[in-house]
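The values are calculated or read from the model by the stated rules, or taken from the named source; none is laboratory data. These numbers were taken from a predicted model, which means no experiment stands behind them. Positions of Cβ are generated from backbone atoms using ideal geometry, with glycine treated the same way; all protein chains shown enter the neighbour counts.
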Amino acid sequence: MIEFLKTFSAQIIAICALALTIIQAYIQRRHNVLSVRPHLSDFVNSDRNDSSARLKAIISNNGIGPAFIESFQAYLDGKECDPEQAVQSMLQNASVPKQFSSLGKGYAMKPGEEKTVISVIFPCKTDEDVKEMEKRLNRLDLKIEYKCSYGKKFTFDTRTNS
């Protein structure tokens, strides 16, 4: 056995070095992928004064890498629909100032970036008016498929993230 180790010691050391290099490369790759992972999340922001209120549904990338948007789908009461028509239907065609934005395929959402998806300003006298508008907004769900710089795919879906 000792004779074998003497004869092949250089080859054994080379094989060990190669194995450790492969393991280190694998660990480094996993670290690199995690270090650029995006993470989309949503939240609702509201503010109110004496006669009106504003509700905003916001999508943010609070990950540490850019989110490359693959698809953006809207669902009203669980059924896929055109996002702008969904907003009109959800607000029951109320004549209130509203803004709707969608994220197009290929859009790169940088880390820390926020996008207002829906903003609605409406007459408001009580907190109940705000709750009623929140209930209307909750009828709308979004599904966003995106990927990281390494091409790994992720899905943000308000139907399952609630």
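Taking region 127-162 as the search range and keeping residues that are closer than 19 Å to Ile58 by Cα and aromatic (Phe, Trp, Tyr), which one is surrounded by the fewest Cβ atoms within 10 Å (Cβ to Cβ)?
Of region 127-162, the ones closer than 19 Å to Ile58 by Cα are 130-146, 154-162.
Those still in the list that are aromatic (Phe, Trp, Tyr) too: 146, 154, 156.
Numbers: Tyr146: 25, Phe154: 16, Phe156: 21.
Of everything passing the filter in region 127-162, Phe154 is surrounded by the fewest Cβ atoms within 10 Å (Cβ to Cβ).
For region 39-47, indicate whether the set of residues that are more than 30 Å from Lys131 (Cβ to Cβ), loosely packed, with under 12 Cβ neighbours inside 10 Å, in the same structural domain as Phe154 (by TED's automatic domain parsing) and modelled with pLDDT under 90 is non-empty.
No, region 39-47 contains no residue that is more than 30 Å from Lys131 (Cβ to Cβ), loosely packed, with under 12 Cβ neighbours inside 10 Å, in the same structural domain as Phe154 (by TED's automatic domain parsing) and modelled with pLDDT under 90.
Going by the conditions given, is Ser51 hydroxyl-bearing (Ser, Thr, Tyr) and farther than 30 Å from Gly151 by Cβ?
Against the criterion (hydroxyl-bearing (Ser, Thr, Tyr) and farther than 30 Å from Gly151 by Cβ), Ser51 qualifies.
Output the number of the condition that Tyr26 fails; it satisfies all remaining conditions of (1) assigned by TED's automatic domain parsing to the domain that holds Thr155; (2) loosely packed, with under 12 Cβ neighbours inside 10 Å; (3) of a type in the set (Ser, Thr, Tyr); (4) closer than 20 Å to Lys152 by Cβ.
Tyr26 satisfies all of (1) assigned by TED's automatic domain parsing to the domain that holds Thr155; (2) loosely packed, with under 12 Cβ neighbours inside 10 Å; (3) of a type in the set (Ser, Thr, Tyr); (4) closer than 20 Å to Lys152 by Cβ except (1).
Which members of region 59-80 meet the condition of being farther than 17 Å from Lys135 by Cβ and either outside the structural domain of Ile121 (by TED's automatic domain parsing) or surrounded by fewer than 16 Cβ atoms within 10 Å (Cβ to Cβ) (or both)?
Passing the criteria: Asn62, Ile64, Ser71, Gln73, Lys79, Glu80.
Considering only region 19-35, I want to know if a residue exists there that is hydrophobic (A, V, I, L, M, F, W, C) and either within 24 Å of the chain's Cα centre (by Cα) or on the phi > 0 side of the Ramachandran plot (or both).
Yes: region 19-35 contains one or more residues that are hydrophobic (A, V, I, L, M, F, W, C) and either within 24 Å of the chain's Cα centre (by Cα) or on the phi > 0 side of the Ramachandran plot (or both).
Within region 105-126, take every residue that is farther than 19 Å from Ile58 by Cβ and touching a residue at least 40 places away in the same chain (Cβ under 8 Å) and give me the one that is farthest from the chain's Cα centre (by Cα). Give the steps one after another, and end with the answer.
Here is the first cut: in region 105-126, the residues farther than 19 Å from Ile58 by Cβ are 105-106, 123-126.
Now restrict to residues that are touching a residue at least 40 places away in the same chain (Cβ under 8 Å): 123-125.
Values: Pro123: 31, Cys124: 31, Lys125: 34 Å.
Only one residue fits best here, namely Lys125.
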